[in-house]
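Just below is one structure, and these are the notes that go with it.
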There are 2 protein chains.
Amino acid sequence: LLKNLDMPAPPPGEVLVKVLRAGICNTDLELVAGYYPYCGILGHEFVGCVETGVDSLIGRRVVGEINASCGKCSICSMDHPGHCPHRTVLGIVNRNGAFAEYLSLPAENLHVVPDVVSTDAATFTEPLAAALQIPKQVKVGSATRALVVGDGKLGLLVAQTLHLSRCQVVAIGRHAGKLEILSHRGIEISMSNDFSGKGFDVAVECTGNQEGFAIARQSLRPQGTLVMKSTYAGKLTFDASSFVVDEITLVGSRCGPFTSALELLHRNEANVESLIHERYSLVDGIHAFERARASGVLKVLLEMD
Amino acid sequence: LLKNLDMPAPPPGEVLVKVLRAGICNTDLELVAGYYPYCGILGHEFVGCVETGVDSLIGRRVVGEINASCGKCSICSMDHPGHCPHRTVLGIVNRNGAFAEYLSLPAENLHVVPDVVSTDAATFTEPLAAALQIPKQVKVGSATRALVVGDGKLGLLVAQTLHLSRCQVVAIGRHAGKLEILSHRGIEISMSNDFSGKGFDVAVECTGNQEGFAIARQSLRPQGTLVMKSTYAGKLTFDASSFVVDEITLVGSRCGPFTSALELLHRNEANVESLIHERYSLVDGIHAFERARASGVLKVLLEMD
């Protein structure tokens, strides 16, 4: 835990944001475990209040897209700024994150939170947007049989967003209590141990481990699509020939559309607040991380307000 | 080598074909190496002459699609007969293949070879169709920068078909003599050792080994597509997190459209005959296999006529 930090001094075009609330994500836990050599302040899921930078934003509650791109390179000009090779990423790559009193982000990264959306709910904008990236990459609809593997925070959001996209969703995991959040919304659930479903059009891997990957793979019909939605610390091994013979498509999926996520929250269509398990103040951050790592614990929030 | 085999007795709906010529494919070599537990007669690239079965076909030169499906299951009714779980596959799964004097296939699997297409050229229909599966699965066009990794038989066909699809193709491999076949057709080539290209939209892995997979992966731009076109004996390991962060799509690709392949051969647009390195009679089959396995050797044909 870093203490007595200097206040960030936003460069031109950036905005100073006072953090109100932040969520701990599995990527944060993986970063601590060494998945990527990052040494700054962690945290990329947040709601804040703009302090200085852009007059029209001052005093507004905002959430922020995490990739800050250069705007000039060939990838940016192809309209893929989230993949800019020169980008910084809030709390992940060369940019101090949200587990702090203040952060700085480019003004264009910020989205104002509608008044009717609570600060708690808005903290889920970033992971909800990530879940909404899937229908942007893979064609899904009412005829789509979709399996979601993993009942962690991201799995529960992915299952809900695919359900809202009218897919026939089955969600599997190891925690009956977590899966219940989904069955209350009319989503079919199963314990992983009891599951032997086959013939899915799409399987979304949200566990970040080899076993979850294998379950997702085995559930697919020929020419089905396996979406990888998790951060993986380490390498994965797979039977390449079976991918070729069955003509499986594997899709890596990362950040998604904030606007769509805020619309879902505005219409109160996604149940995010029941994912909140515990809350801590920033000074209890180390303990909060320990709790976020514990089996069975869903979202842990850090409160700065 | 199996000798003195009984003549196949085609069941109803199947046709007896006298084999004229057959090609040895890397999949045949992998099958001998144990990639899949198959014990029948090998061979799935062939041209034959129909002996009995369907009057309109008798005496005609034909090529044959290799997957014989049940026509009744849910996969068949979804119009994916090539992926029927009950299918037999010529020379690969529960169906004796083309390295023999005669074979049997369902009548609907056969395609008549146009008179202007030589028997040598028509022997390439199956692998050429496999190459043509790529533009059916991945959107490509004149703006597409495509890398083909591997200068084996399949790589040379893939590079040519992507070039005919107007892609900007770069083909890399280890054999200057093989790559020359492509440079003569206006395709950019490079030796694998000298290659450090980046930013490709599509990379097609045609080597069947981990090193080729790594080169294909590293060449891609974010949100690029890696097509796996080879048979792999064993497993592949990959950095799953980088697939997620860069949102890479991996596509397994197998059999393709025979009609399109025969049209290409009819229009003489693909150079296949320069891929023929050696020819043997069926009784020299073992030696032919040894030669097909040798480094630098492209297509080895077995001649039965």
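The values are calculated or read from the model by the stated rules, or taken from the named source; none is laboratory data. Just so it is clear, the model here is predicted, and its values are computed rather than measured. We place every Cβ from the backbone using ideal geometry, glycine too, and count neighbours over all the protein chains shown.
Looking at B:THR27, B:THR88, just one residue is surrounded by 15 or more Cβ atoms within 10 Å (Cβ to Cβ) and at pLDDT below 95, and that residue is B:THR27. Step by step: first the residues of the range B:111-142, then only those that are among the hydrophobic types (A, V, I, L, M, F, W, C) and touching a strand residue (DSSP E or B) at 6+ places or on another chain (Cβ under 8 Å), then the one that is farthest from B:GLY173 (Cα to Cα). Which residue is that? Of everything passing the filter in the range B:111-142, B:VAL112 is farthest from B:GLY173 (Cα to Cα). In the set (1) under 15 Å from A:ASP151 (Cα atoms); (2) surrounded by fewer than 20 Cβ atoms within 10 Å (Cβ to Cβ); (3) within 11 Å of another protein chain (Cβ to nearest Cβ), the condition left unmet by A:ASP194 is number (3). So which pairs qualify, if the first residue must be in the range B:232-248 and more than 7 Å from chain A (Cβ to nearest Cβ), the second must be part of a helix (DSSP H, G or I), the Cβ gap must be under 7 Å, and the two must be at least 6 apart or on different chains? That search, which allows pairs on different chains as well, returns B:ALA233/B:GLU30. Among the strands (runs of 3 or more DSSP E) confined to the range A:1-109, the ones with at least 1 residues that are touching a helix residue (DSSP H, G or I) at 6+ places or on another chain (Cβ under 7 Å) are located at A:14-23, A:45-52, A:61-64. Entry remark, the range B:239-248: residues being crowded, with 21+ Cβ neighbours inside 10 Å and in a loop (DSSP other than H, G, I, E, B) number 1 in total. Just so you know, in the range B:96-117 the residues that are within 19 Å of B:SER56 (Cα to Cα) and aliphatic (A, V, I, L, M) include one that is farthest from the chain's Cα centre (by Cα), and it is B:ALA107. Can you name the residue in the range A:249-282 that is farther than 21 Å from A:GLY150 by Cα and touching a Lys or Arg at 6+ places or on another chain (Cβ under 8 Å) and is also farthest from the other protein chains (Cβ to nearest Cβ) among such residues? Selected residue: A:TYR280. Answer yes if at least one residue in the range A:59-80 is over 22 Å from A:PRO257 (Cα atoms) and more than 14 Å from every other protein chain (Cβ to nearest Cβ), and no otherwise. Yes, that holds for at least one residue.
Report yes if some residue within the range A:206-226 is surrounded by fewer than 16 Cβ atoms within 10 Å (Cβ to Cβ) and within 7 Å of chain B (Cβ to nearest Cβ); otherwise report no. No, because not a single residue in the range A:206-226 is surrounded by fewer than 16 Cβ atoms within 10 Å (Cβ to Cβ) and within 7 Å of chain B (Cβ to nearest Cβ). Kindly evaluate A:VAL283 against the criterion of being of a type in the set (A, V, I, L, M), within 30 Å of B:HIS86 (Cβ to Cβ) and not in a loop (DSSP other than H, G, I, E, B). When the stated conditions are applied, A:VAL283 does not pass them. Summed over the range A:26-80, residues that are in contact with a Cys (Cβ under 8 Å, 6 or more places away or on another chain) and touching a residue at least 24 places away in the same chain (Cβ under 8 Å) total 8. For the structure I just gave you, tell me whether B:VAL32 is β-branched (Val, Ile, Thr) and surrounded by 19 or more Cβ atoms within 10 Å (Cβ to Cβ). Considered against the rule, which asks whether it is β-branched (Val, Ile, Thr) and surrounded by 19 or more Cβ atoms within 10 Å (Cβ to Cβ), B:VAL32 comes out as no. Exactly one residue among A:ALA146, A:ALA171, A:ALA203 is among the aliphatic types (A, V, I, L, M) and either out of contact with any Ser or Thr (no Cβ under 8 Å at 6 or more places or on another chain) or within 30 Å of A:ILE58 (Cα to Cα) (or both), and that residue is A:ALA146. When the range A:187-229 is filtered for residues that are at positive phi and in contact (Cβ under 8 Å) with a residue 40 or more places away in the chain, the ones remaining, listed by number, are A:GLY199, A:GLY208.
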